[in-house]
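Just below is one structure, and these are the notes that go with it.
The values are calculated or read from the model by the stated rules, or taken from the named source; none is laboratory data. Since this is a predicted model, take the numbers as computed values, not measurements. So basically every Cβ, Gly included, is an ideal-geometry build from the backbone, and we count neighbours across all protein chains shown.
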Amino acid sequence: MYSKDLLRSLYSGMVKIRRFEETIEKHFLAGEIPGFTHLYIGEEAVAVGVCHNLTPKDYIESTHRGHGHCIAKGAEIKPMMAEIFGRSTGVCRGKGGSMHIADFKVGMLGANGVVGGGYTLAVGAALAAKLRRTDQVAVVFFGDGASNRGTFHEAANMAAAWKLPALFVCENNEWASTTPYRTTTSVADIADRAAGYGMPGVKVDGNDVLAVYEAAGELVRRARKGEGPALLECKTYRVKGHFVGDPEKYRTREEVQKRFSESDPIKLFEERAVKEKWLGKAELDSVREGMAAEVVDALAFAKSSPYPDPQELFTDLYD
Ligand SMILES: Cc1ncc(C[n+]2csc(CCOP(=O)(O)OP(=O)(O)O)c2C)c(N)n1
């Protein structure tokens, strides 16, 4: 039996990410956002399910598709939105943009434009936690494509050999840019790779927020107790293009629409919540309205903020 607070929080987390990203998509396409942006729409259950097992003191390492991870870890959306719009009130003063959001206050160590760049950083954070004898855990999110990078194997081996409190969370959304994962990956289930490092490998329906919450919960608890790292593979689907503006010549609209209608984690949760009488329709509506209002405020904050002063170009840089 789940508490109502938990169910509402899981739902509002997913809805907040969805509204945030729909807003980003609209304004990116209108030419108001600089750089590149990659959307997490359809994968919200992974970040939300995992991060509901973490405290602000725990660490996460994110990817180029990182807005959902930041929001799920508790980052405030006003400075996030401002960052994506390149404004001086942004969480990185407008200099990082969508792919470089970091918010140390909530243990969000950084998104990363380098595919597979997060593993070793997370393992470093896990090593620091172990040396300091805290009970912190470090989680690294990564894609199916990133699972084929050498850094995964190095980091997994070291984390396991030293029994570090790390959790490797693979978001298998079936695509790495234009490449379907089956054509580049030697195993059907990426979770199977954990055996090569002597750690547990668990696969879960990544569109079911409660399944993710429970599977991650068990692995986070064992890491906290000093029982070492684990690999969690969340099976999901990348609904949007690789980046906003991707012509997506490698798959059909029909395929995407069919998959999304079957796997939309928010829709699946709403159906179950009503069926099981966890939350009524009115409660779901009120969460959606609340989250939409928060995102409207964040957008207004971002758009009314100034761009960084050119004088600041060389501040916050290492010599
Ligand atoms: C080291 C490196 N190689 C290649 C790229 C170009 N690139 C950016 S995202 C991406 C695909 C990543 O796929 P996956 O890890 O499955 O994550 P997803 O985009 O599906 O979330 C590639 C190849 C990069 N940014 N960094």
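Checking the condition under 27 Å from the mean Cα position of the chain (by Cα), over 16 Å from Glu22 (Cβ atoms), surrounded by 10 or more Cβ atoms within 10 Å (Cβ to Cβ) and not polar (S, T, N, Q), which residue from Leu317, Leu299, Leu284, Leu313 passes? Steps first, please.
On the way: Leu317 fails: surrounded by 10 or more Cβ atoms within 10 Å (Cβ to Cβ); Leu299 fails: over 16 Å from Glu22 (Cβ atoms); Leu313 fails: under 27 Å from the mean Cα position of the chain (by Cα).
Going through Leu317, Leu299, Leu284, Leu313 in turn, the sole match is Leu284.
Out of the residues in segment 140-175 meeting the condition of being away from the ligand (no atom under 16 Å from the Cβ) and in a strand (DSSP E or B), tell me which one is farthest from Gly228 (Cα to Cα). Explain how you work it out, then say what you get.
Taking segment 140-175 and keeping what is away from the ligand (no atom under 16 Å from the Cβ), we get 157-167.
After this cut, where a residue has to be in a strand (DSSP E or B) as well, the list is 166-167.
Details: Ala166: 7, Leu167: 9 Å.
If we take residues in segment 140-175 being away from the ligand (no atom under 16 Å from the Cβ) and in a strand (DSSP E or B), then Leu167 is farthest from Gly228 (Cα to Cα).
Taking the condition under 19 Å from the mean Cα position of the chain (by Cα) and more than 9 Å from the ligand (Cβ to nearest atom), does Val115 pass? Spelling it out, it is not the case that Val115 is under 19 Å from the mean Cα position of the chain (by Cα) and more than 9 Å from the ligand (Cβ to nearest atom). Checking the stated criteria, Glu22 turns out not to satisfy the condition of being part of a helix (DSSP H, G or I) and over 26 Å from Phe260 (Cβ atoms).
All of (1) at pLDDT 95 or above; (2) of a type in the set (D, E, K, R); (3) not in a strand (DSSP E or B) hold for Arg182 with one exception: (1).
Here is a yes/no grid of residues against (1) among the aromatic types (Phe, Trp, Tyr); (2) in a helix (DSSP H, G or I); (3) surrounded by fewer than 23 Cβ atoms within 10 Å (Cβ to Cβ):
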site	(1), (2), (3)
Leu10	no, yes, no
Ala45	no, yes, no
Val50	no, yes, no
Thr63	no, no, no
Cys70	no, yes, no
Arg93	no, no, yes
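Look at (1) within 15 Å of the ligand (Cβ to nearest atom); (2) over 20 Å from the mean Cα position of the chain (by Cα); (3) of a type in the set (A, V, I, L, M, F, W, C) and you find that Val239 fails only one, number (2). Output the number of the condition that Ser88 fails; it satisfies all remaining conditions of (1) closer than 23 Å to Leu317 by Cβ; (2) among the small types (Gly, Ala, Ser); (3) within 16 Å of the ligand (Cβ to nearest atom). Result: Ser88 passes all but (3). The C-beta contact set for segment 52-65 (first residue more than 22 Å from Ser98 (Cα to Cα), second residue part of a loop (DSSP other than H, G, I, E, B) and within 16 Å of the ligand (Cβ to nearest atom), distance under 7 angstrom, 6+ apart or interchain) is empty.
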